[in-house]
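In what follows, a structure is listed as structure tokens, so that the remarks can point back to it.
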Amino acid sequence: MRLWWPLRAVLGTILLVMSAEEKIERGLARLDAAAITVRNESGTPAWSPSGSSAPNSGLRPGFGPQAYLGQADRYDCASFQSQAEAQAVLRADPTDPNRLDPDRDGIACESSPAPRDLVRVSR
């Protein structure tokens with residue numbers, strides 16, 4: 001019993017030093033999706049579980065970005081009913097053959113109507 005308390009203190013210190021990602025990977029903590037907020041470069045929320053800017057949220061039923069892939073430069077922003085649909089296509093093919101993101105900031109068709117998906121695509 002005497003050895004248990006010092007060992008427990010050391011283990012507690014190690015757990016405090018670990019990052020949240022390490023704790024999740026090791027199964028020592030769980031990810032609480034309700035607490036996640038993705039922020040853009042300016043620090044304003046770009047997505048949260050309660051918002052409508054989640055990746056692929058707001059897509060019309062049956063919409064599949066795969067149907068828009070591999071067809072060179074056939075589509076433009078007017079081809080999509082919303083910014084979220086254009087963003088889904090950009091996310092599916094970040095090389096952007098349709099030039100949906102001309103300023104290359106990771107957001108497709110920024111002036112298209114809502115719903116919006118403002119989670120940037122790495123390019």
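Quick note: the coordinates plus some simple rules give every number you see, no bench work behind them. Treat the numbers as computed from the prediction; the structure is a model and nothing was measured. When we count neighbours, we look across all protein chains shown, and the Cβ atoms used for this are built from the backbone with ideal geometry, even at glycine.
In table form, for the structure just shown:
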{"read-out": "Full-extension gain in nm, Ala72 to Glu110, via 0.36 nm per residue minus C-alpha separation", "value": "11.6 nm"}
{"read-out": "Overall form of the range 73-123 per C-alpha gyration tensor (a/c, 1.5; a/b vs b/c)", "value": "oblate"}
{"read-out": "Estimated FRET transfer efficiency when R0 is 35 angstrom, pair Asp103-Arg60 (beta carbons, to 0.05)", "value": "0.85"}
